[in-house]
Each structure stands twice: as structure tokens, then as C-alpha cells.
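What follows is a short report on a single structure.
The values are calculated or read from the model by the stated rules, or taken from the named source; none is laboratory data. The structure presented is a predicted model; accordingly, all values stated were derived computationally and were not measured. Here the Cβ is made from the backbone with ideal geometry for all residues, glycine too, and neighbour counts use every protein chain on show. Surface accessibility is based on the protein's heavy atoms, side chains included, excluding ligands, DNA and RNA. Shrake-Rupley method; radii C 1.70, N 1.55, O 1.52, S 1.80 Å.
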Amino acid sequence: MKYLTSVILFLICFSSNAENKLEIIGQINDETLVDIKSDFNSGVDVMLEGYLLRTLPKNLANRIYRIQNDDGYFKIFFTQHDNQYGYDILSAKHVCSSLPCKLTFFNHAQVKY
């Protein structure tokens with residue numbers, strides 16, 4: 001009985017850790033990673049040519065599964081909903097028009113399949 005309980009607990013822990021697996025491609029420092037997750041938890045403002053296009057729902061940080069850095073331009077891959085067929089991609093870059101620099105999000109795209 002103890003063996004069965006241990007196996008069940010192991011499977012539960014393994015499956016919950018597998019869901020939160022984040023793939024990092026390129027060099028991303030811890031501060032940028034924290035900024036991205038914080039913005040996704042507070043509701044990301046998506047900009048288009050300096051204007052607010054839309055605001056994504058709050059608490060999406062746990063739905064990010066890949067962050068890619070391409071020479072200072074970030075691509076964030078995530079899903080917005082459970083049972084969603086496809087994924088979303090959001091681009092981001094640091095903008096330093098005023099200090100401190102902040103991440104600006106743009107080019108929101110959805111891929112459905």
C-alpha cells in the first residue's frame with residue numbers, strides 16, 4: 001500500500017512539473033524572465049505603432065511554454081485557454097525612451113490547428 005501511494009504521489013508531482021516546463025532559447029537573464037512573467041500575470045498590453053491594440057487576460061504566466069531571444073527581440077509562445085487547439089505568439093523588446101527601460105509587447109498572433 002505504501003508503494004502504491006508513493007507511485008501515485010510521484011506521478012502527480014511529475015505531471016504537474018511537466019506542465020510548467022519552460023523552454024528558453026537564446027540568452028535570457030533572470031530579470032527579463034521575471035519581467036515577462038510579471039507582465040503576463042498582470043495583463044499584457046499589446047501595442048501597435050505606439051498605440052494600445054488590446055490587453056490580454058491576467059494570469060497567463062503559467063501558460064508560457066517557450067521564450068526565444070533573437071538579438072534583443074523576444075518571442076513568447078503561450079496558450080490563452082485550456083483545450084485550445086493552437087497557440088499564441090507575442091513579440092517583445094526592451095524600450096528605453098525613459099528610464100527605467102521596460103518591455104513592450106507587439107505582434108500578437110494566434111496559430112490555430
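Quick notes
- Scanning the range 48-97 for residues that are in contact with a strand residue (DSSP E or B) (Cβ under 8 Å, 6 or more places away or on another chain) and charged (D, E, K, R) yields a total of 6.
- The lone exception for LYS21 - which of (1) at pLDDT 90 or above; (2) within 14 Å of the chain's Cα centre (by Cα); (3) open to solvent by 80 Å² or more (accessible area, probe 1.4 Å); (4) of a type outside the set (Phe, Trp, Tyr) it fails: (1)
- Taking the criterion of being within 21 Å of ASP30 (Cβ to Cβ), open to solvent by less than 80 Å² (accessible area, probe 1.4 Å) and more than 11 Å from the chain's Cα centre (by Cα), the residues of the range 67-91 that qualify are ASN69, GLY72.
- Among the residues of the range 92-113, those identified as of a type outside the set (A, V, I, L, M) and under 13 Å from the mean Cα position of the chain (by Cα) are PHE105, HIS108.
- GLN110 being in a strand (DSSP E or B), open to solvent by 50 Å² or more (accessible area, probe 1.4 Å), under 18 Å from GLY26 (Cβ atoms) and not small (Gly, Ala, Ser): no
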